[in-house]
Amino acid sequence: PGDLSATELTPSPASRLPRDRVSRELLRGLQRTEVIEFESDEQAIACYRSPEYQDAIRHRQGASRAYIVIVEGMA
């Protein structure tokens, strides 16, 4: 879709799974940082592997860098 950015495409897969978005002030680091809390590693991986997110990745590639990390025990 020519008028949609990768940012507009990415919320859909994660919105289907139970999770909390954790918002923090960015002091130093990448221009945009997202921290999303999932109930399990399996749910996070399912979101990443979903067809919708994989499609969004194809739109994002070449325009940005992304680091996807699963961290346990942040709550």
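Throughout, read-outs are computed from the coordinates displayed, never taken from laboratory work. Just so we're clear, the structure is a prediction, and the values are computed from it rather than from any experiment. Heads up, the Cβs are rebuilt from the backbone with ideal geometry, glycines too, and the neighbour counts pull from every protein chain shown.
In a fully extended conformation the segment linking Gln43 and Ala63 would gain 4.5 nm over its present Cα-Cα distance, using 0.36 nm per residue. From most to least packed by mean Cβ count within 10 Å, the peptides 60-69, 32-41 give 32-41, 60-69.
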